[in-house]
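Take a look at the structure set out below.
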Amino acid sequence: MCGIGGAWGGRAGERVRRMAPWLMHRGQEGVGYAYIRGGEIALGEPGDDAEGALVHTRYSTSGEYGVQLQPVLAKYRDLEIAVVFNGTVVNYRRLGVENPGFDGDALAKALAREIWERGVEQGVISVYSKIVGAASLLALTPWGLLAVRDPRGIRPLAYKHLGDGVVFASEDVAIEGGIEVPPGLAFLYGRRVAFWKIPPGVGKICALEYVYFAHHATKLGGRLVLEVREALGKALAELETEGIDVVTYVPETSRLAALSYASALGKPLVDAVVKNRYAGRIFIAPPHARLPSDAFRVVPELVRGKNVALVDDSIIRGTNIKTVVAKLKEAGAKKVHVRIASPPVRWPCFFGMDFQTRKELIAHGRSEEQVRSLIGADTLKYLPLEKFREIIGEACYACFTGEYPQKLDIKQAEAELGRAPA
């Protein structure tokens with residue numbers, strides 16, 4: 001998972017530089033750029049005279065932590081391209097690339113080779129026919145900006161035509177509105193203009209994009225993420241049986257679900273849990289930087305002696321929620337009732353999220369009661385899968401169900417995506 005953006009035409013360099021802050025909720029380990037000027041492709045921050053440019057905000061799911069590995073500059077014979085992508089390629093070691101450093105490196109080098117051997121259209125189709133995983137990508141080529149939406153639509157991509165060019169980004173909020181690229185559609189825009197289809201599967205946007213990852217002002221599947229999160233919170237309130245005095249939440253992406261949950265119950269929503277705005281998103285930080293005890297504080301006056309409903313969007317590793325529950329109790333909360341606006345995450349993601357082993361998931365192989373005990377809550381309720389599906393619609397639910405959109409061997413995938421130590 002990460003954020004990608006690209007521009008071709010007037011002010012391409014400026015346009016990608018302005019996208020970067022609007023993509024950093026998708027990746028905060030680093031920001032990388034590439035550009036083309038005078039027919040030459042280079043890595044580095046683009047100037048205003050760049051003909052085309054790329055930006056990548058990194059949330060690592062492959063390769064070393066804490067370094068900026070994209071864009072990748074790949075050369076095959078006389079062809080040079082720069083590539084950024086969003087997703088994970090499980091079988092990157094089997095794409096026919098010698099000594100690939102990580103999945104983005106293998107993807108870029110395979111793409112350069114296949115485009116040289118087969119031409120742009122057939123080269124792209126050939127690469128995607130081999131990939132196990134998910135990949136929405138942007139690439140600078142000698143002919144223009146290449147954009148490809150993941151064939152199953154698991155990872156998002158949007159575009160917008162401007163008077164003097166075109167822009168692409170993982171989310172439309174980064175380009176001030178736009179149109180979603182359909183799953184399996186490829187564009188080439190520049191010295192050549194073309195579009196073509198990669199044989200797609202059924203479109204299945206990642207359900208966690210709605211729950212946590214995407215910006216709430218983004219549209220996915222034609223719906224505002226904000227509205228989906230509100231619907232999840234309202235549905236969660238329909239399950240409530242405990243006596244709740246106040247509602248609070250784990251900042252920030254659970255706020256909308258908490259707001260609609262509180263409204264449906266007629267209870268006050270209080271900002272009892274505060275987060276250091278400079279701490280970034282703990283879930284997408286490298287392991288050594290996941291320090292919730294430093295990131296969160298509790299306002300005792302808002303919870304002391306009260307039955308508190310603590311709303312969160314999901315529980316993955318349990319890193320944040322366990323810390324916040326403890327801090328609420330230390331602040332004097334009478335009881336802490338944890339409410340999760342999604343089902344239990346019991347299975348690894350191999351399609352763009354960095355939880356790629358079963359052993360790191362707090363809910364894998366455990367009952368809800370066991371999870372409740374581990375996080376220290378008085379009660380724990382998740383949104384049932386059936387209701388969750390009803391609200392989200394067609395999507396990838398693999399991390400909740402273990403039913404993946406592509407056939408794969410879980411044990412082998414866990415081994416293939418082994419990470420370097422943090």
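The values are calculated or read from the model by the stated rules, or taken from the named source; none is laboratory data. Just so you know, these numbers come straight off a predicted model, no measurement behind them. Positions of Cβ are backbone-derived with ideal geometry, glycine not excepted, and every protein chain shown enters the neighbour counts. With ligands, DNA and RNA removed, areas are computed over all heavy atoms of the protein, side chains included. Shrake-Rupley method; radii C 1.70, N 1.55, O 1.52, S 1.80 Å.
Using a simple spin-label model with pseudo-atoms 7 Å out from Cα toward Cβ, LYS411 and THR357 lie 1.6 nm apart. Within the accessible surface of the chain, defined with a 1.4 Å probe on protein heavy atoms only, the carbon and sulfur portion equals 50 percent. Region 190-233 and region 80-123 have Cα centres separated by 24 Å.
Set the Cα radius of gyration of region 181-266 against 2.2 N^0.38 Å, with N its number of residues, and you get 1.55.
Per-residue surface analysis assigns THR241 an accessible area of about 110 Å², computed on protein heavy atoms at 1.4 Å probe radius.
Electrostatic tally near LEU43: other residues with Cβ closer than 13 Å to its Cβ, Lys and Arg +1, Asp and Glu -1, net -1. I'd like the accessible area for ARG346: 1.4 Å probe, protein heavy atoms, all chains in place, Å² to the nearest 10. That residue has around 70 Å² of solvent-accessible surface. Oblate is the label for region 339-422, because the ratio a/c of its alpha-carbon gyration tensor axes (a ≥ b ≥ c) is 1.5 or higher and a/b is not greater than b/c.
Taking every protein chain into account, the accessible area of region 131-289 amounts to 37 square angstrom per residue (probe 1.4 Å). Principal axis extents of the C-alpha atoms in region 90-146 (largest first, rounded to whole Å): 28, 19, 19.
Other residues within the sphere of radius under 9 Å centred on the Cβ of LYS204, judged by their own Cβ, net out at 0 (K and R +1, D and E -1). Between region 153-174 and region 356-409, what is the separation of their alpha carbon centroids in Å? Each part reduced to its Cα centre gives a spacing of 31 Å.
Net charge of the neighbourhood of ALA53, taken over other residues with C-beta under 12 Å away and scored Lys/Arg +1, Asp/Glu -1, is 0.
Taking square-rooted eigenvalues a ≥ b ≥ c of the alpha carbon gyration tensor, is region 1-139 rounded, prolate or oblate, where a/c under 1.5 means rounded and, failing that, a/b exceeding b/c means prolate? It comes out oblate by the Cα gyration axes.
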